[in-house]
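Participant: Once you've had a glance at the structure underneath, I'll fire off some questions.
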Amino acid sequence: MNFFFLIFISFFGFYLLNNYFKNRNLLVNYKGQKHQKFLGSKNIPLSGGIFLVFSIILLFNNYNFFLCLFIFLIFCIGFASDTNFLSSPKLRLLIQSSIIICFVLLLDIEIYETKFLLLDRLLENIYFRYFFSTFCLLILINGSNFIDGLNGLLIGYFTSIILIIFYLNFYTYLEIERNIIILLLSTLFYLFILNINNKLFMGDSGSYALGLMCGYFLIKIYELNQEISPYFIILLLWYPCFENLFSIIRKFSFRKSPINADNNHLHQLVFFYLKKKKTFKKFNVNNTASFLIILYNLLVFIVSLNNLSNSQFQIILVLINIIIYLTVYFKLFTFKYKINSSY
């Protein structure tokens, strides 16, 4: 009883702290930047990452101290970005890379096999293995930040992944106590409710931390159970990773810097489309666009669970997702610029 009482007190205490941030305009999201304007100019605290990270540290400190340490470090980089203390994207990427390299080396995070012959040959070299693991985690944490543009989208997507980690934990011997994952899911659900009601955003700090934590556990799941196809892991993380890679390619094609933010990510185009249809109020458009993307990915995850070890099946699912993404993206992109050119 005392344990659940402490949980209630921590949730209530954070709610009061979040209201304090909001009333004092502290740690707010809106600084007038271009990519922040598509949802409006309302100031919302970027406080979700604070509660999430300290919850992770309390829950997983006994499980893996160094995991918690590096999650805290990557949180600090995000927090510095949220507060505009670290405003240079290049410097932020450099510090991120340094932290992730140390993380990979110290925790010995290696991706040994991808079932792609050429890449597997390269992965036989230990230095390339460390480089590849670092690259994958950097793509993931920054892609996680890219999808954090609608209420509930980031939390809902990664909550779906953590539910699958909870399911796989019984088969891969991660040795994470069941109650710890349940408490983590409870924390995410609490933050999700506040997020969809415009009470807080996760910010760079929350998206970096959530991406790194999930990336670590999924790599460990594959290390401990080679019967699981590596493409199943890729499928779980396909959306934030592909969003990041596609954004880089897209910006290069328009001769723009890939590190500069814009309003042309998929979730922003979905939001714009629903908004122009005038079926919902702006607040409901935000949540509806988020729920559509979360629901789609959740259905894909459920289908993928039917054949975890079949790489061919998982590759087909990944390719179908990419084709659907590109088809929907270009249709919505064309719709947006036809509407804008008509004014």
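The values are calculated or read from the model by the stated rules, or taken from the named source; none is laboratory data. Not measured: the values here are computed from a predicted model. Methodologically, a virtual Cβ is constructed for each residue, glycine included, from the backbone with ideal geometry; neighbour enumeration extends over all protein chains shown.
Participant: If we keep just the residues of segment 222-244 that are farther than 16 Å from Leu137 by Cα and surrounded by fewer than 21 Cβ atoms within 10 Å (Cβ to Cβ), which is modelled with the lowest pLDDT?
Facilitator: Of everything passing the filter in segment 222-244, Gln226 is modelled with the lowest pLDDT.
Participant: Can you say whether Ile56 is of a type in the set (A, V, I, L, M), farther than 30 Å from Lys275 by Cα and either surrounded by 17 or more Cβ atoms within 10 Å (Cβ to Cβ) or at pLDDT below 85 (or both), as far as the supplied structure shows?
Facilitator: Yes, satisfied.
Participant: May I pose another question? Within segment 37-52, identify whether any single residue is in contact with a helix residue (DSSP H, G or I) (Cβ under 6 Å, 6 or more places away or on another chain), part of a helix (DSSP H, G or I), among the β-branched types (Val, Ile, Thr) and at pLDDT 80 or above, and answer yes or no.
Facilitator: Looking through segment 37-52, none of the residues is in contact with a helix residue (DSSP H, G or I) (Cβ under 6 Å, 6 or more places away or on another chain), part of a helix (DSSP H, G or I), among the β-branched types (Val, Ile, Thr) and at pLDDT 80 or above.
Participant: When you check Phe103 against the structure, is it crowded, with 18+ Cβ neighbours inside 10 Å and either among the aromatic types (Phe, Trp, Tyr) or in contact with a Pro (Cβ under 6 Å, 6 or more places away or on another chain) (or both), yes or no?
Facilitator: On the way: crowded, with 18+ Cβ neighbours inside 10 Å: yes; either among the aromatic types (Phe, Trp, Tyr) or in contact with a Pro (Cβ under 6 Å, 6 or more places away or on another chain) (or both): yes.
Taking the combined requirement at face value, the residue satisfies it.
Participant: Answer yes or no as to whether Ser290 is surrounded by fewer than 18 Cβ atoms within 10 Å (Cβ to Cβ) and either polar (S, T, N, Q) or without any contact (Cβ under 8 Å) to a residue 24 or more places away in the chain (or both).
Facilitator: Spelling it out, it is not the case that Ser290 is surrounded by fewer than 18 Cβ atoms within 10 Å (Cβ to Cβ) and either polar (S, T, N, Q) or without any contact (Cβ under 8 Å) to a residue 24 or more places away in the chain (or both).
Participant: May I ask you to list the residues in segment 245-263 that are touching a residue at least 40 places away in the same chain (Cβ under 8 Å) and surrounded by fewer than 19 Cβ atoms within 10 Å (Cβ to Cβ)?
Facilitator: Leu245, Phe246, Ile259, Asn260, Ala261, Asp262, Asn263
Participant: May I pose another question? Just the residues that are of a type in the set (A, V, I, L, M) and surrounded by 15 or more Cβ atoms within 10 Å (Cβ to Cβ), please, taken from segment 293-329.
Facilitator: Of everything in segment 293-329, those that are of a type in the set (A, V, I, L, M) and surrounded by 15 or more Cβ atoms within 10 Å (Cβ to Cβ) turn out to be Ile293, Ile294, Leu298, Val300, Leu308, Ile315, Leu317, Val318, Val328.
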